1. In the stretch 84-123, what residues are more than 23 Å from ASN28 (Cβ to Cβ), assigned to a helix (DSSP H, G or I) and not β-branched (Val, Ile, Thr)?
2. If you go through the stretch 35-50, how many residues are under 14 Å from the mean Cα position of the chain (by Cα) and assigned to a strand (DSSP E or B)?
3. Collect the residues in the stretch 2-34 that are aromatic (Phe, Trp, Tyr), more than 14 Å from the chain's Cα centre (by Cα) and assigned to a loop (DSSP other than H, G, I, E, B), keeping them in residue-number order.
4. When you scan the stretch 74-82, do you find a residue that is hydroxyl-bearing (Ser, Thr, Tyr) and either within 13 Å of the chain's Cα centre (by Cα) or at pLDDT 95 or above (or both), even just one?
5. Report whether or not VAL68 is touching a Lys or Arg at 6+ places or on another chain (Cβ under 8 Å), β-branched (Val, Ile, Thr) and over 17 Å from GLN122 (Cβ atoms).
6. Taking the options GLY32, GLY39, GLY45, name whichever one is on the phi > 0 side of the Ramachandran plot and not aromatic (Phe, Trp, Tyr).
Amino acid sequence: MVKFLKPNKAIIVLQGRFAGRKAVIVRNFDDGTRDRPYGHCLVAGVSKYPQKVIRKDSEKKTAKKSRVKAFIKLVNYSHLMPTRYTLDVDLKDVVSNDVFLSRDKKVTAAKEIKKRFEERFQDWEEQVVLY
C-alpha cells in the first residue's frame, strides 16, 4: 500500500479536544512504538485561528486579531483526515518525541510553533493551507 501520510502533510483532526482543527504531520510512526502499538503520528496544529481583520482596525487590534494558538499531539491514524495540501514550514527541529516527557519542553515547543505559524500567516500568499 502507498504511504501518503508523510511529514509536512496538512491534516484535519477528527477526534478529541482538537477535533475539526487543522494540523501538520511532523513525524509519523507507521509500525507504532512500544507505548503505542498502532500507526500514529506527531502533529503540530492550530487550536485558535486568527480572526478576520478589517480596514478600520487599529494596528494594535490587527496585531491582536492576527494571533495564533498552537498545539502538539500524538494522533492515531484513524483519528485524522489528510488533505491534498502540504506545508513548506519545517518543524522537525522544533518538535521531537522527548517533548512529551516534560511539560516545560512541550510549552516551549508550542510557543516556537506558534511563532512560525504567525510568521507564515503574515506572508499573505502562503495562507491557504492552515487558515
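1. ARG103, ASP104, LYS111, LYS115, GLU118, GLU119, PHE121, GLN122
2. Counting residues in the stretch 35-50 that are under 14 Å from the mean Cα position of the chain (by Cα) and assigned to a strand (DSSP E or B) gives 8.
3. Answer for the stretch 2-34, where residues must be aromatic (Phe, Trp, Tyr), more than 14 Å from the chain's Cα centre (by Cα) and assigned to a loop (DSSP other than H, G, I, E, B): just PHE4.
4. Scanning the stretch 74-82, I find no residue that is hydroxyl-bearing (Ser, Thr, Tyr) and either within 13 Å of the chain's Cα centre (by Cα) or at pLDDT 95 or above (or both), so the answer is no.
5. no
6. GLY32
The values are calculated or read from the model by the stated rules, or taken from the named source; none is laboratory data. Bear in mind that the values here come from a model prediction, so they are computed numbers and not experimental data. For neighbour counting, all protein chains shown are included, and Cβ atoms are generated from backbone atoms with ideal geometry for every residue, glycine included.
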